[in-house]
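Chemist: Once you've had a glance at the structure underneath, I'll fire off some questions.
The values are calculated or read from the model by the stated rules, or taken from the named source; none is laboratory data. What you see is a predicted model, and the numbers here were worked out from it, not measured in a lab. Cβ placement follows ideal geometry from the backbone for every residue including glycine, while neighbour counts extend to all protein chains displayed.
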């Protein structure tokens with residue numbers, strides 16, 4: 001995914017109101033981050049406040065902002081912490097800003113491998129970055145549940161299925177357990193559908 005951003009000649013930056021040690025620990029827990037992480041810790045939330053996403057409790061909304069080369073704000077997406085924004089909308093926005101980005105996006109689309117839903121009793125739709133997906137994986141592995149994982153950032157048809165189940169949102173994780181769909185990480189519902197005792 002980051003290779004696509006590079007091909008579109010964009011710079012990805014992560015910004016959080018957490019301290020530098022906290023950001024480092026988070027990046028390490030993911031096995032490393034290949035883009036810069038910036039700390040908006042002191043003065044606390046100054047940048048987030050300027051962008052209108054600082055909450056009263058000192059935390060922030062999860063948001064995406066796209067700025068063009070002149071520093072003009074071209075796209076804003078504020079969404080729930082466990083929702084994956086629609087990458088196709090983001091990529092189309094980037095492609096509309098720069099002809100080189102448009103070429104890179106077209107090349108990327110040619111690499112996508114849409115596939116039918118896997119024929120498995122337990123399917124988890126997820127993303128690599130989602131914290132709730134990581135928790136779900138731990139539970140499934142702890143209880144030795146056989147499951148198939150589908151990354152919705154790599155499969156546009158899978159992303160469309162998730163949007164259909166999640167009121168138009170790319171929420172992760174989403175489970176299809178023998179035909180029963182569970183949107184989001186709800187441990188009680190998950191355990192009941194899987195027939196496991198917590």
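Chemist: Being at pLDDT 90 or above, farther than 23 Å from residue 170 by Cβ and out of contact with any helix residue (DSSP H, G or I) (no Cβ under 8 Å at 6 or more places or on another chain): is that true of residue 53 here?
Modeler: no
Chemist: Got a sec? Which of 125, 75, 108 is under 30 Å from residue 177 (Cα atoms) and touching a helix residue (DSSP H, G or I) at 6+ places or on another chain (Cβ under 6 Å)?
Modeler: The unique qualifying residue is 125.
Residue-wise test of (1) surrounded by 14 or more Cβ atoms within 10 Å (Cβ to Cβ); (2) touching a helix residue (DSSP H, G or I) at 6+ places or on another chain (Cβ under 6 Å); (3) on the phi > 0 side of the Ramachandran plot.
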| position | (1), (2), (3) |
| --- | --- |
| 63 | yes, no, no |
| 71 | no, no, yes |
| 79 | yes, no, no |
| 85 | yes, no, no |
| 98 | yes, no, no |
| 102 | yes, yes, no |
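Chemist: For the range 17-26, give me each residue that is surrounded by fewer than 17 Cβ atoms within 10 Å (Cβ to Cβ) and either within 25 Å of residue 111 (Cα to Cα) or modelled with pLDDT of 85 or more (or both).
Modeler: 19, 20, 21, 22, 24, 25
Chemist: If you don't mind, there's one more thing I want to ask. Across the range 147-161, what is the number of residues that are modelled with pLDDT under 95 and either part of a loop (DSSP other than H, G, I, E, B) or farther than 29 Å from residue 107 by Cα (or both)?
Modeler: 4
Chemist: While we're looking at this one, here's another question. Which residues, taken from the range 183-198, are out of contact with any strand residue (DSSP E or B) (no Cβ under 8 Å at 6 or more places or on another chain) and part of a helix (DSSP H, G or I)?
Modeler: 187, 188, 191, 192
Chemist: Would you point out the residue of the range 162-182, among those that are surrounded by 20 or more Cβ atoms within 10 Å (Cβ to Cβ) and either out of contact with any strand residue (DSSP E or B) (no Cβ under 6 Å at 6 or more places or on another chain) or part of a loop (DSSP other than H, G, I, E, B) (or both), that is modelled with the highest pLDDT?
Modeler: Filtering first and then ranking leaves 173.
Chemist: Among the residues of the range 109-139, count how many are part of a helix (DSSP H, G or I) and touching a residue at least 40 places away in the same chain (Cβ under 8 Å).
Modeler: 6
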